[in-house]
Amino acid sequence: MHGSSRQVGRSSTGQPGAPPQPPCAHPPGAPGGIHPLPLEAYVSTTAVSTSPGPVPPVPDADEVFAFAAREIAAAAAGLWPRADVDLGDHVPSVTGYVRRIRVDGRTLYAKYAFLGVSLVSLLRGACGPWPDVRAAQQAYVQRPGALMDREAAQLRLLAQLDSPRVCPVAGLARGVLFTESVTGPTLADLLLQRPHDAADLLEGLFGELRRLHRPSAARLLGPARGIGEHSIRGTFQRKFNGLSGPTYVERLGAERCAPGDRALVVGLLRDVVVRLHRLQATGLPQQASRRVLAYGDLKPEHVVFPEGTSGQPVFIDPGLLLAPPTVDAAKLISRTVLLLAAARPGAGTGQQAMRGVGAFAAARADVLPARVRRSWLRELLVLWLMDSVNILTTYLSAPGVLPMPGRGSALIGRAVDLCRMADQLSSELAAGADTRAVWESALGLAQAVAA
């Protein structure tokens with residue numbers, strides 16, 4: 001079966017050439033220029049006050065899920081009018097509504113995205129009350145460039161290229177994307193079962209993306225077909241922009257964390273976000289430079305081995321976008337560390353797995369000119385931290401009524417340890433510590449959270 005958490009992208013970045021933003025999206029408040037701004041320009045250090053005005057009603061989760069289930073059923077009936085369709089289990093996700101269904105006995109996955117935003121944002125009221133969301137959704141799914149349209153187009157493009165191998169599209173209707181089920185162990189399973197093979201597993205996975213990462217592949221993706229919602233930097237800027245970022249940080253964990261843990265997590269993340277804003281403003285290349293076609297949503301759960309490791313893996317849930325070549329490696333490393341933190345397989349497994357991560361990163365660096373290796377490693381570290389903060393805060397901000405994937409719940413339980421790790425590494429980077437020393441520190445801290 002597919003990985004345990006199938007992700008659907010968040011709101012559009014609004015960058016030139018990208019599809020129009022959904023009605024509830026806000027433009028990113030990313031700092032410009034190359035000079036660090038004052039701390040208060042990034043995140044407020046004061047508590048967020050409660051507005052005295054009435055709070056508009058947020059969408060009811062049961063109504064949202066029932067609507068999505070009806071749309072999936074209607075889409076399936078339209079695509080396969082004579083088939084026996086059985087709506088199976090809801091697959092918990094913080095991003096989109098996913099359902100496992102059977103059509104004449106054939107297992108498919110059905111994905112439905114609301115206005116291109118996450119379920120967390122939707123249920124928090126970011127798009128308004130439910131009647132407004134429902135009306136806007138009817139227009140959204142008919143608009144060219146809706147999220148599921150782009151994901152379907154990307155899967156079909158990759159199927160034509162035959163590298164990497166992807167799950168087949170079974171159908172697309174009414175904003176619902178149906179994909180074939182792929183069975184077999186995921187990369188996440190194999191990393192936990194065979195940590196001594198981590199370097200070979202990660203290197204082999206990246207070998208499947210070699211064709212995408214060639215400079216000539218960038219022209220394969222038209223400007224309206226990318227999924228910028230999966231961009232690490234774009235997601236970070238949207239979450240922690242100068243207008244709503246302080247409120248977002250202060251409210252993290254309100255329905256998910258123990259009170260004592262929540263105060264510590266918010267305090268640590270407040271400082272981490274400030275440092276990462278400064279580091280990306282001064283230490284990362286401009287978005288337009290050195291861009292390749294990145295897979296985008298590269299996670300251990302999104303790679304399945306139906307024939308075992310002797311066969312070609314199958315990739316699911318793409319998020320193709322033009323990005324620096326470091327992006328895929330950073331997300332893969334970030335999500336591998338979070339996998340270890342959630343699973344807690346023990347010190348020995350953590351040590352072996354992170355030794356493999358170190359070897360994988362060294363292999364990536366070895367193909368670069370010596371003069372850029374240090375800056376590449378610094379970029380890798382910053383993007384790793386940004387991605388981990390992005391997904392951890394998504395879980396922490398999820399309303400209590402939203403069913404959580406198992407690993408999401410586990411990560412909430414490790415939030416303090418993960419935030420302490422991010423705090424130490426971002427502090428070292430911000431202080432100008434030797435990049436190689438910070439990298440070794442990162443590998444050691446990741447081993448510790450796996451214990």
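FYI, it's all coordinate maths here, none of it is from the lab. Treat the numbers as computed from the prediction; the structure is a model and nothing was measured. Virtual Cβ from ideal backbone geometry, glycine too; neighbours counted across all protein chains shown.
To the nearest 500 deg cm²/dmol, what mean residue ellipticity at 222 nm is calculated for the chain from DSSP H runs of n ≥ 4 alone, each contributing -39,500 (n - 2.57), summed and divided by the residues? Kindly include the intermediate steps, with their values, before the conclusion.
Details: 16 runs with 214 residues, N = 451.
After summing the helix terms and dividing by the residues of the chain, the value is -15000 deg cm²/dmol.
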Provide the FRET efficiency to the nearest 0.05 for the residue 160-residue 307 pair, computing r from the beta carbons and using R0 = 22 Å. 0.50
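I need 117, 266, 98 ordered by Cβ neighbour count within 10 Å, fewest first.
Working: 117 28, 266 19, 98 25.
Least crowded to most crowded, the residues run 266, 98, 117.
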Taking the chain and dividing mean pair separation by its residue count, relative contact order in percent (alpha carbons under 8 Å, at least six apart): 21
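Could you compute how fast region 321-451 diffuses translationally, taking Rh as the Kirkwood radius over C-alpha pairs and applying Stokes-Einstein at 20 °C with viscosity 1.002 mPa s? Give it in µm² per second. Working shown, then result.
Values: Rh = 15.3 Å.
Estimated via Stokes-Einstein, D reaches 140 µm²/s.
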Whether region 45-201 is rounded, prolate or oblate, judged on the alpha carbon gyration tensor where a/c under 1.5 counts as rounded: oblate
How many percent of Cα pairs in the chain exceed 30 Å? 41
Considering amide H positions built from the backbone, and no H for Pro or chain starts, which residues 5 or more places from residue 209, or on another chain, come under 5 Å of its amide H? none
Residue order, fewest to most beta carbons within 10 Å, for 271, 387, 200, 62: 62, 200, 271, 387
Rank these for me by crowding, 395, 248, going from fewest to most other beta carbons within 10 Å. 248, 395
